[in-house]
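The values are calculated or read from the model by the stated rules, or taken from the named source; none is laboratory data. From a predicted model like this one, the values you see are computed outputs, not experimental measurements. Glycine gets a Cβ as well: all are built from the backbone with ideal geometry, and neighbour counts include every protein chain shown. Surface areas here come from the heavy atoms of the whole protein model, side chains and all, with no ligands, DNA or RNA. Shrake-Rupley method; radii C 1.70, N 1.55, O 1.52, S 1.80 Å.
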Amino acid sequence: MAATFCLINQKGGCGKSSTCFHLAGAFAELGLYVLLLDMDPQGSLSQGFLGSEFVESLRSQETISMLFDDNSAFEPRDTLLRATPFDRITICPANHMLARFNLPEPEKTGMQQYAIQEFLTEQSGFDIVLIDCPPNLYRCSWTSMVAADYVLIPVPPEDFGTQGLRAVHQCIEQARQLNPTLRLLGHLITRRDKRLLVHRMYEQKLREMYGEMVMTTAIPEASAFKVALTRRRPVAFHDRRSKAAKLTLCLAREILDRIDMEERKRRIA
Ligand SMILES: Nc1ncnc2c1ncn2[C@@H]1O[C@H](COP(=O)(O)OP(=O)(O)OP(=O)(O)O)[C@@H](O)[C@H]1O
Ligand SMILES: [Mg+2]
């Protein structure tokens with residue numbers, strides 16, 4: 001069974017897609033088979049791997065939208081899985097067509113709430129599933145939480161970055177009513193600039209408030225992430241000796257350690 005993670009925060013630009021993109025590379029580098037689900041109508045993650053023009057040209061049935069589209073009910077669902085230029089990384093892409101399905105009040109959408117969960121139970125051969133969510137808590141984020149084992153919350157250590165965390169926590173609690181196995185894996189400090197006093201202060205505050213629920217590894221603001229993304233290569237493949245690549249590998253290992261601990265706790269319970 002794959003371990004499934006969704007990356008959620010209502011805050012736009014906090015690094016959800018970038019983290020999915022580079023982490024996929026790090027997990028693949030560690031020899032794991034990664035499935036990426038792009039649940040964001042912006043399609044950033046898909047464009048990162050497959051290019052903007054191609055992604056925008058995909059028909060609804062060729063994107064994750066098909067899981068919500070009654071007209072696609074009889075389409076073969078494995079056409080959704082696309083190889084990327086990288087061994088061990090597969091993606092289910094999204095584009096603007098997903099926007100019409102990303103409605104508020106997702107808990108009122110009946111069985112469609114389980115659309116992603118059901119799709120994932122049909123998949124095999126993957127060790128890790130990473131789900132990139134849009135900057136809101138509508139249907140795309142909700143169905144992802146209903147399908148996931150863990151939530152990772154990327155947070156830039158500043159005022160606007162940390163606002164709205166309470167709403168995310170409440171939403172996780174709500175989703176647990178449909179998916180009791182869902183756990184908060186932790187908050188991931190992203191885009192940190194250690195030279196900024198305000199970042200250092202907010203990081204400390206986050207670590208005081210959430211303790212172990214903040215990942216030890218923090219992701220700095222670094223041009224290596226942007227450059228690798230522009231070249232459409234996760235940093236682990238683009239420049240494996242860079243600090244950015246090493247940190248992303250560190251994060252991947254920390255995630256694996258954490259889920260190992262969770263598994264052990266579950267077995268004892
Ligand atoms: N650690 C980082 N260092 C430098 N640039 C970064 C870093 N993380 C993200 N970025 C850049 O910041 C921008 C926003 O990041 P990203 O798209 O990952 O955020 P997001 O949370 O997915 O945004 P949205 O909420 O719109 O989906 C991108 O241009 C990305 O390349
Ligand atoms: Mg994004």
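Key figures
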{"read-out": "Estimated dipole of the chain in Debye, rounded to 20 [Cβ of Lys and Arg +1, of Asp and Glu -1, Cα centre]", "value": "1000 debye"}
{"read-out": "Dipole of the chain, positive end: most advanced residue of Val227, Trp142, Thr121 [Cβ charges, Cα centre]", "value": "Val227"}
{"read-out": "Under 5 Å, built H, 5+ apart or other chain: amide partners of Asp193", "value": "Glu221"}
{"read-out": "With every protein chain in place, the chain: carbon and sulfur % of accessible area (1.4 Å)", "value": "52 percent"}
{"read-out": "Shape of the range 179-247, Cα gyration tensor, a/c cut at 1.5", "value": "oblate"}
{"read-out": "Projected label distance in nm at Met209 and Arg59, using a 7 Å step from Cα toward the beta-carbon", "value": "4.7 nm"}
{"read-out": "Computed [θ] at 222 nm, deg cm²/dmol, the chain (DSSP H ≥ 4; -39,500 (n - 2.57); rounded to nearest 500)", "value": "-12000 deg cm²/dmol"}
{"read-out": "Selected from His169, Pro41, Val198, residue furthest toward positive end of dipole (the range 3-268; charges at beta carbon)", "value": "Val198"}
{"read-out": "Solvent-accessible ranking of Arg241, Arg233, Arg183, largest area first, probe 1.4 Å", "value": "Arg241, Arg233, Arg183"}
{"read-out": "Inter-label distance, nm, simple model (7 Å from Cα along the C-beta direction), Ala73/Ser124", "value": "2.7 nm"}
{"read-out": "Accessible solvent surface per residue of the chain, calculated while the other protein chains remain in place, 1.4 angstrom probe, Å²", "value": "47 Å²"}
{"read-out": "Virtual paramagnetic centre 7 Å along Cα→Cβ of Ala99, amide N under 20 Å, in the range 36-50", "value": "38-48"}
{"read-out": "Orientation-averaged projected area, Cα convex hull of the range 3-268 (nm²)", "value": "13.5 nm²"}
{"read-out": "For the range 1-121: rounded, prolate or oblate by the Cα gyration tensor [a/c cutoff 1.5]", "value": "rounded"}
